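Participant: I have a structure here, written as structure tokens, and I will follow up with some questions on it.
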Amino acid sequence: MAGIKPGWQGRYLEDFEVGDVYRCRYGRTITEAENIQFTLLSNNTNQIHFNRDYGERSGFGGCLVNSLLTLSVVVGMGSMDISENGINLGFEDVRFTTPVYGGDTLYTDSEVISVRESQSRPTQGIVSVRTRGYNQKGQTVIEFRRNVMVWKRDHAPGRDIFPTLLS
């Protein structure tokens with residue numbers, strides 16, 4: 001019997017190079033139900049997100065996906081490549097360029113625009129990326145910059161979190 005093989009562990013500071021582009025390997029379809037749940041959970045009362053009649057009268061032809069849901073999904077799609085071993089420090093220049101509708105499928109890519117050592121945390125560094133989200137038609141629906149504090153490989157918290165199994 002073969003031994004346990006480690007899965008993807010995410011990138012560490014040493015793995016990032018300016019100019020690298022990471023494409024999420026899958027697309028993610030946003031459903032109308034997810035949009036309504038997210039909108040109501042976040043207490044957003046703009047009916048453009050949950051009232052189809054209102055949405056049709058708005059000039060957009062239907063309900064729009066909540067922009068913060070779009071941001072959340074796109075950030076999440078890039079987390080395995082960008083922030084698996086780090087934490088988000090901030091987002092800049094967030095722009096929603098094309099409306100997203102329930103049933104649209106999102107795709108993302110992120111380009112590394114800077115990498116540097118942290119001045120206050122010698123065990124980590126700061127990675128800045130420019131991320132874009134696209135719909136199934138290839139239209140850019142969102143773009144932003146994000147800064148992430150990423151661990152250096154030799155200083156990252158332990159990854160061996162799988163519990164000891166009882167026989």
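Readers should treat all values here as calculations from the given coordinates under stated rules, not as data from a laboratory. None of the values given here were measured: they were computed from a predicted structure. Please note: Cβ atoms are built from the backbone with ideal geometry, for glycine as well, and neighbour counts cover all protein chains shown.
Participant: Cβ under 9 Å from Val21's Cβ, Val21 left aside: what net charge do those residues give with Lys, Arg +1 and Asp, Glu -1?
Facilitator: Details: positive: Arg23; negative: Asp20, Asp109, Glu111.
Charge balance in the 9 Å sphere: -2.
Participant: Right, something else. Find, among the GluC sites (Glu not before Pro) in the range 1-72, those assigned to loop by DSSP (not H, G, I, E, B) with at most 10 other beta-carbon atoms within 10 angstrom.
Facilitator: Passing both the DSSP loop test and the Cβ count: Glu17.
Participant: Taking the simple approach of a point 7 Å from Cα along Cα-to-Cβ for both Ser120 and Glu143, what is their distance in nm?
Facilitator: Here the answer is 3.1 nm between the modelled labels.
Participant: Sticking with this structure for a sec: What is the fewest-to-most order of Asp160, Asp53 by other Cβ atoms lying within 10 Å of their Cβ? Don't skip to the answer; put the middle values down first.
Facilitator: Values: Asp160 5, Asp53 10.
If I rank by nearby Cβ atoms, fewest first, I get Asp160, Asp53.
Participant: Same structure again: Work out the length of the dipole vector of the chain about its Cα centre, built from +1 on the beta-carbon of each Lys and Arg and -1 on the beta-carbon of each Asp and Glu, and round it to the nearest 20 debye. Before the final figure, lay out each step's value.
Facilitator: Values: 18 positive and 19 negative charges, 12 e Å.
Taking the Cα centre of the chain as origin, the dipole is about 60 debye.
Participant: Determine the relative contact order of the range 13-153: mean sequence separation of Cα pairs under 8 Å and six or more apart, normalised by residue count, in whole percent.
Facilitator: Working: 288 pairs, mean separation 43.4, N = 141.
Reported relative contact order: 31 percent.
Participant: According to a simple spin-label model (label point 7 Å from Cα along Cα-to-Cβ), what is the distance in nm between Gln9 and Thr29?
Facilitator: Once both label points are built, they end up 3.6 nm from each other.
Participant: Then there's this: Not counting the cut sites, what is the longest span of the chain without trypsin sites (Lys or Arg not before Pro) that DSSP labels loop and that have at most 15 other Cβ atoms within 10 Å?
Facilitator: Between exposed loop sites, the widest span is 26-136.
Participant: Further question: Measure out, as a whole number of angstrom, how far apart the alpha-carbon centroids of the range 107-157 and the range 30-54 sit.
Facilitator: If you average the Cα positions of each part, the centres end up 29 Å apart.
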